[in-house]
Amino acid sequence: MLVVAGMACSSVEVALGNTYYCEDYSWRFSVFRDRVEAGGVLARFISQVLGAPGDAVVGLAAGGVPVAYAVSRELGLPLDVVVVKKITYPWTTEAGYGAVAPDGLYEFDREAAMRLGYGREVVEREASRVYEYVVSRTLKLRGSLDYSWLAGRSVILVDDGIATGYTMVVAARFMKRVGAREVVVATPTSSIDGAVMVAREVDKLLVLNLRGGPFYAVADAYIEWHDVSDEEAIEYLRMAKEHLKPQTRV
């Protein structure tokens with residue numbers, strides 16, 4: 001089992017003009033102990049590549065929140081959360097052919113929908129069902145659908161990994177619609193195809209563990225992997241607020 005997360009990134013590579021990845025970490029499996037460790041390493045990579053880290057960190061619910069928490073803690077930035085839900089295939093709850101944002105807008109793979117025999121009406125019905133879930137979960141995690149505080153800010157959008165790229169693309173477009181001045185996506189691991197898709201949508205994409213191959217899975221970059229519950233995500237959001245509180249001097 002290979003673990004390289006304690007090392008610094010000595011070789012920053014650039015692809016597609018706006019995508020930065022770490023050659024030391026890439027093309028490997030079982031790179032990070034867990035999401036929090038990955039977030040700490042990612043924070044250092046962000047500082048290494050960007051210098052000034054931005055204004056806010058936003059984690060994708062729920063697996064991206066522990067990573068985003070570690071990034072926000074290391075960089076001293078406020079943390080928020082965004083719920084973006086996949087429109088899944090009928091036979092699985094994991095793989096999707098599209099995704100829905102908190103404002104109801106969605107993107108989907110038209111060729112995949114055609115292969116399923118889905119016309120636009122069917123996709124819209126599925127997206128509407130998913131949107132109800134997105135609203136409910138957003139209110140549970142953050143209590144509001146209002147993201148206006150991000151207007152004019154440089155946002156670092158974080159997830160635990162990018163597979164197909166659909167959820168991150170939808171999240172990035174949502175950040176732009178709420179008025180973010182700049183959207184930087186940072187993630188510990190990504191497939192090459194997912195990175196290419198996301199890179200077209202954002203100002204910069206930062207990836208530690210870039211991998212190719214037909215059987216990419218986000219979980220393969222981690223030794224410890226579990227589904228992050230909403231309660232766990234809420235606790236990370238609470239801890240992030242505590243870290244940003246001014247320290248009282250005695």
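The values are calculated or read from the model by the stated rules, or taken from the named source; none is laboratory data. All values derive from a computational prediction rather than experimental measurement. Every residue, glycine among them, receives a Cβ derived from its backbone with ideal geometry; neighbour counts consider all protein chains shown. Ligands, DNA and RNA are stripped out before the accessible areas are found, and what is left, the full protein with its side chains, is counted by its heavy atoms. Shrake-Rupley method; radii C 1.70, N 1.55, O 1.52, S 1.80 Å.
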Exercise. Would it be correct to say that Val4 is open to solvent by less than 30 Å² (accessible area, probe 1.4 Å) and either at pLDDT below 95 or charged (D, E, K, R) (or both)?
Worked result: yes
Problem set entry | Every residue from the stretch 102-114 that is at pLDDT below 70 and either under 19 Å from the mean Cα position of the chain (by Cα) or open to solvent by 50 Å² or more (accessible area, probe 1.4 Å) (or both) | Arg110, Glu111, Met114
For this session: Among the residues of the stretch 185-198, write down those that are open to solvent by 10 Å² or more (accessible area, probe 1.4 Å) and in contact (Cβ under 8 Å) with a residue 40 or more places away in the chain.
Result: Val196
Problem set entry | Thr138 being among the hydroxyl-bearing types (Ser, Thr, Tyr), open to solvent by less than 20 Å² (accessible area, probe 1.4 Å), modelled with pLDDT of 85 or more and not in a loop (DSSP other than H, G, I, E, B) | yes
Exercise. What do you reckon, is Asp146 part of a loop (DSSP other than H, G, I, E, B), among the acidic types (Asp, Glu) and surrounded by fewer than 15 Cβ atoms within 10 Å (Cβ to Cβ)?
Worked result: yes
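Pick out the one residue from Val36, Val14 that is open to solvent by 10 Å² or more (accessible area, probe 1.4 Å) and modelled with pLDDT under 95.
On the way: Val36 fails: modelled with pLDDT under 95.
When all the criteria are applied, what remains is Val14.
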Exercise. All but one of (1) modelled with pLDDT of 95 or more; (2) assigned to a loop (DSSP other than H, G, I, E, B); (3) over 16 Å from the mean Cα position of the chain (by Cα) hold for Val202; which doesn't?
Worked result: (3)
Exercise. If you check Glu182, Glu235, Glu201, which single one turns out to be open to solvent by 10 Å² or more (accessible area, probe 1.4 Å) and without any contact (Cβ under 8 Å) to a residue 12 or more places away in the chain?
Worked result: Glu235
Exercise. Taking interchain pairs and intrachain pairs at least six residues apart, which have beta carbon atoms under 7 angstrom, with the first residue in the stretch 43-70 and over 23 Å from Tyr147 (Cα atoms) and the second among the hydroxyl-bearing types (Ser, Thr, Tyr) and at pLDDT 95 or above?
Worked result: Val49/Tyr20
